[in-house]
1. Would you please list the contacts, defined by Cβ atoms under 7 Å and residues six or more apart or on different chains, that run from a residue in the range 99-115 that is closer than 19 Å to residue 63 by Cβ to a residue that is near the ligand (Cβ under 6 Å from one of its atoms) and not in a loop (DSSP other than H, G, I, E, B)?
2. Could you look through the range 152-184, keep only residues that are within 16 Å of the ligand (Cβ to nearest atom) and at pLDDT 95 or above, and pick out the one that is farthest from residue 29 (Cα to Cα)?
3. Quick one: count up the residues across the range 185-207 that are more than 8 Å from the ligand (Cβ to nearest atom), buried (at least 20 other Cβ atoms within 10 Å of the Cβ) and touching a residue at least 40 places away in the same chain (Cβ under 8 Å).
Ligand code: SF4
(Lines give C-alpha, C1' and ligand atoms only; values in the text may rest on other atoms or scores of the structure.)
Protein backbone atom coordinates (compact mmCIF):
# COMPACT_ATOMS: atom_id res chain seq x y z
CA UNK A 1 0.00 0.00 0.00
CA UNK A 2 1.38 3.42 -0.91
CA UNK A 3 0.49 6.39 1.22
CA UNK A 4 1.12 9.44 -0.90
CA UNK A 5 1.34 12.09 1.74
CA UNK A 6 0.39 12.29 5.37
CA UNK A 7 0.05 15.75 6.88
CA UNK A 8 1.20 16.45 10.39
CA UNK A 9 -2.02 15.83 12.24
CA UNK A 10 -2.12 16.89 15.88
CA UNK A 11 -4.67 15.97 18.53
CA UNK A 12 -6.41 19.27 17.76
CA UNK A 13 -6.80 18.54 14.05
CA UNK A 14 -10.41 18.90 12.95
CA UNK A 15 -11.82 15.43 12.19
CA UNK A 16 -13.15 16.82 8.92
CA UNK A 17 -9.59 17.53 7.79
CA UNK A 18 -8.66 13.93 8.56
CA UNK A 19 -11.66 12.73 6.54
CA UNK A 20 -10.83 15.02 3.60
CA UNK A 21 -7.28 13.71 3.61
CA UNK A 22 -8.50 10.12 3.65
CA UNK A 23 -11.00 10.71 0.84
CA UNK A 24 -8.37 12.46 -1.29
CA UNK A 25 -6.17 9.40 -1.03
CA UNK A 26 -8.92 6.80 -1.10
CA UNK A 27 -12.13 8.02 -2.76
CA UNK A 28 -13.44 4.47 -2.43
CA UNK A 29 -13.37 4.62 1.39
CA UNK A 30 -16.24 2.95 3.24
CA UNK A 31 -17.75 3.60 6.62
CA UNK A 32 -18.83 0.64 8.76
CA UNK A 33 -21.19 1.79 11.51
CA UNK A 34 -23.27 0.50 14.40
CA UNK A 35 -24.86 3.96 14.85
CA UNK A 36 -23.55 4.64 18.32
CA UNK A 37 -22.98 8.23 19.44
CA UNK A 38 -19.51 8.24 17.92
CA UNK A 39 -20.81 6.78 14.69
CA UNK A 40 -23.61 9.29 14.31
CA UNK A 41 -21.24 12.21 14.90
CA UNK A 42 -18.71 10.78 12.45
CA UNK A 43 -21.40 10.35 9.84
CA UNK A 44 -22.44 14.01 10.09
CA UNK A 45 -18.85 15.25 10.00
CA UNK A 46 -18.07 13.00 7.04
CA UNK A 47 -20.95 14.40 5.03
CA UNK A 48 -19.66 17.90 5.76
CA UNK A 49 -16.23 16.78 4.57
CA UNK A 50 -17.66 15.52 1.29
CA UNK A 51 -18.24 11.84 1.97
CA UNK A 52 -20.91 10.40 -0.32
CA UNK A 53 -20.14 6.71 0.03
CA UNK A 54 -21.62 3.74 1.83
CA UNK A 55 -22.52 3.34 5.47
CA UNK A 56 -22.30 -0.38 6.16
CA UNK A 57 -24.19 -1.93 9.07
CA UNK A 58 -24.22 -5.58 10.10
CA UNK A 59 -27.60 -6.70 11.36
CA UNK A 60 -26.61 -9.59 13.59
CA UNK A 61 -30.24 -10.39 14.27
CA UNK A 62 -29.87 -9.27 17.87
CA UNK A 63 -29.99 -5.49 17.64
CA UNK A 64 -32.27 -3.38 19.77
CA UNK A 65 -35.26 -1.96 17.88
CA UNK A 66 -33.98 1.49 18.87
CA UNK A 67 -30.77 0.83 16.94
CA UNK A 68 -32.65 -0.14 13.80
CA UNK A 69 -34.82 2.94 14.11
CA UNK A 70 -31.69 5.08 14.51
CA UNK A 71 -30.36 3.63 11.27
CA UNK A 72 -33.65 4.43 9.55
CA UNK A 73 -33.63 8.01 10.86
CA UNK A 74 -30.10 8.51 9.61
CA UNK A 75 -30.96 7.10 6.21
CA UNK A 76 -33.74 9.63 5.94
CA UNK A 77 -31.56 12.49 7.12
CA UNK A 78 -28.64 11.79 4.77
CA UNK A 79 -30.06 10.85 1.37
CA UNK A 80 -26.69 11.46 -0.27
CA UNK A 81 -25.29 8.37 1.45
CA UNK A 82 -25.98 4.75 0.64
CA UNK A 83 -26.95 2.66 3.65
CA UNK A 84 -26.06 -1.00 3.29
CA UNK A 85 -27.31 -3.62 5.75
CA UNK A 86 -25.50 -6.95 5.83
CA UNK A 87 -26.77 -10.18 7.39
CA UNK A 88 -25.06 -13.33 8.71
CA UNK A 89 -24.88 -16.36 6.44
CA UNK A 90 -27.93 -18.63 6.75
CA UNK A 91 -25.82 -21.31 8.41
CA UNK A 92 -24.30 -18.97 11.01
CA UNK A 93 -24.76 -20.22 14.58
CA UNK A 94 -27.80 -18.92 16.38
CA UNK A 95 -28.29 -18.15 20.05
CA UNK A 96 -24.72 -19.03 21.02
CA UNK A 97 -23.99 -15.59 22.47
CA UNK A 98 -24.00 -16.89 26.06
CA UNK A 99 -21.81 -19.95 25.57
CA UNK A 100 -19.56 -18.75 22.77
CA UNK A 101 -19.67 -14.98 22.33
CA UNK A 102 -16.41 -14.94 20.37
CA UNK A 103 -17.78 -17.45 17.88
CA UNK A 104 -21.08 -15.64 17.71
CA UNK A 105 -19.41 -12.28 16.96
CA UNK A 106 -17.08 -13.91 14.45
CA UNK A 107 -19.91 -15.52 12.49
CA UNK A 108 -22.67 -12.98 12.89
CA UNK A 109 -20.71 -9.72 12.78
CA UNK A 110 -17.12 -10.01 11.57
CA UNK A 111 -17.61 -12.55 8.80
CA UNK A 112 -20.40 -10.70 6.97
CA UNK A 113 -18.38 -7.49 6.99
CA UNK A 114 -15.16 -9.21 5.99
CA UNK A 115 -16.94 -10.86 3.05
CA UNK A 116 -18.35 -7.55 1.93
CA UNK A 117 -14.99 -5.81 2.20
CA UNK A 118 -13.32 -8.54 0.16
CA UNK A 119 -15.90 -7.85 -2.51
CA UNK A 120 -15.61 -4.08 -2.43
CA UNK A 121 -11.89 -3.83 -1.59
CA UNK A 122 -11.91 -0.24 -0.32
CA UNK A 123 -8.55 1.42 0.25
CA UNK A 124 -9.62 2.85 3.60
CA UNK A 125 -12.24 2.51 6.30
CA UNK A 126 -13.63 5.49 8.16
CA UNK A 127 -14.49 4.47 11.67
CA UNK A 128 -15.66 6.19 14.80
CA UNK A 129 -13.51 4.78 17.56
CA UNK A 130 -12.10 7.23 20.10
CA UNK A 131 -9.38 6.92 22.72
CA UNK A 132 -11.67 7.71 25.60
CA UNK A 133 -14.06 4.84 24.90
CA UNK A 134 -11.96 2.14 26.54
CA UNK A 135 -8.46 1.38 27.75
CA UNK A 136 -8.07 -0.94 24.76
CA UNK A 137 -8.47 2.11 22.51
CA UNK A 138 -6.35 4.55 24.51
CA UNK A 139 -3.59 4.80 21.92
CA UNK A 140 -5.37 4.76 18.60
CA UNK A 141 -3.99 7.29 16.08
CA UNK A 142 -5.86 9.15 13.36
CA UNK A 143 -4.56 6.72 10.76
CA UNK A 144 -3.55 3.09 11.16
CA UNK A 145 -1.56 1.37 8.43
CA UNK A 146 -1.26 -2.29 7.79
CA UNK A 147 -3.38 -5.06 6.46
CA UNK A 148 -5.50 -4.69 3.39
CA UNK A 149 -6.50 -1.09 3.97
CA UNK A 150 -6.02 2.08 6.02
CA UNK A 151 -8.11 2.41 9.13
CA UNK A 152 -8.94 6.07 9.63
CA UNK A 153 -10.11 7.23 13.07
CA UNK A 154 -11.11 10.90 12.72
CA UNK A 155 -12.60 11.02 16.23
CA UNK A 156 -9.58 9.48 17.95
CA UNK A 157 -9.10 12.49 20.22
CA UNK A 158 -12.70 13.53 20.80
CA UNK A 159 -14.07 13.09 24.30
CA UNK A 160 -17.55 11.96 25.15
CA UNK A 161 -18.39 15.49 26.23
CA UNK A 162 -17.34 16.84 22.82
CA UNK A 163 -19.39 14.18 21.05
CA UNK A 164 -22.50 14.86 23.12
CA UNK A 165 -22.15 18.61 22.65
CA UNK A 166 -21.80 18.20 18.90
CA UNK A 167 -24.78 15.84 18.71
CA UNK A 168 -27.00 18.22 20.67
CA UNK A 169 -25.90 21.31 18.74
CA UNK A 170 -26.64 19.57 15.44
CA UNK A 171 -29.78 17.83 16.64
CA UNK A 172 -28.47 14.45 15.54
CA UNK A 173 -30.70 11.36 15.84
CA UNK A 174 -28.75 9.64 18.59
CA UNK A 175 -29.90 6.17 19.65
CA UNK A 176 -32.29 6.94 22.55
CA UNK A 177 -30.72 4.11 24.55
CA UNK A 178 -27.60 6.24 24.81
CA UNK A 179 -29.32 8.77 27.02
CA UNK A 180 -30.48 5.88 29.25
CA UNK A 181 -26.87 4.94 30.02
CA UNK A 182 -26.14 2.59 27.14
CA UNK A 183 -23.02 4.51 26.19
CA UNK A 184 -22.03 1.82 23.70
CA UNK A 185 -24.92 -0.10 22.20
CA UNK A 186 -24.34 -3.53 20.72
CA UNK A 187 -26.59 -6.56 20.55
CA UNK A 188 -29.23 -6.80 23.26
CA UNK A 189 -27.96 -10.08 24.80
CA UNK A 190 -24.51 -8.56 25.28
CA UNK A 191 -25.17 -4.96 26.30
CA UNK A 192 -26.13 -3.34 29.58
CA UNK A 193 -26.20 0.26 30.75
CA UNK A 194 -22.92 1.67 32.05
CA UNK A 195 -22.57 2.34 35.76
CA UNK A 196 -21.08 5.54 37.23
CA UNK A 197 -17.32 5.58 36.88
CA UNK A 198 -17.16 2.87 34.23
CA UNK A 199 -15.77 3.52 30.79
CA UNK A 200 -18.12 3.86 27.85
CA UNK A 201 -17.75 0.27 26.67
CA UNK A 202 -18.00 -1.39 30.08
CA UNK A 203 -21.56 -2.45 29.30
CA UNK A 204 -20.48 -4.61 26.38
CA UNK A 205 -20.08 -8.34 27.16
CA UNK A 206 -19.95 -7.44 30.85
CA UNK A 207 -18.71 -10.35 32.96
CA UNK A 208 -17.72 -12.38 29.91
CA UNK A 209 -14.06 -11.42 29.79
CA UNK A 210 -14.56 -9.92 26.34
CA UNK A 211 -14.14 -6.28 25.32
CA UNK A 212 -14.14 -6.23 21.53
CA UNK A 213 -16.18 -8.00 18.88
CA UNK A 214 -13.19 -8.67 16.64
CA UNK A 215 -13.82 -6.02 14.00
CA UNK A 216 -10.98 -3.82 15.20
CA UNK A 217 -8.67 -6.18 17.09
CA UNK A 218 -7.55 -9.76 16.65
CA UNK A 219 -6.43 -11.83 13.71
CA UNK A 220 -9.57 -11.16 11.65
CA UNK A 221 -9.69 -7.42 12.26
CA UNK A 222 -10.78 -5.21 9.40
S1 SF4 B 1 -22.50 -8.94 20.43
FE2 SF4 B 1 -23.39 -10.83 21.35
S3 SF4 B 1 -25.20 -11.36 20.13
FE4 SF4 B 1 -24.02 -9.82 18.98
S5 SF4 B 1 -22.81 -11.02 17.57
FE6 SF4 B 1 -21.52 -10.68 19.40
S7 SF4 B 1 -21.91 -12.41 20.83
FE8 SF4 B 1 -23.50 -12.43 19.18
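1. What qualifies is 101/190.
2. 177
3. 3
The values are calculated or read from the model by the stated rules, or taken from the named source; none is laboratory data. Small disclaimer: the values here were computed from a predicted structure and weren't measured. Cβ atoms come from the backbone with ideal geometry, glycine included; neighbour counts cover every protein chain shown.
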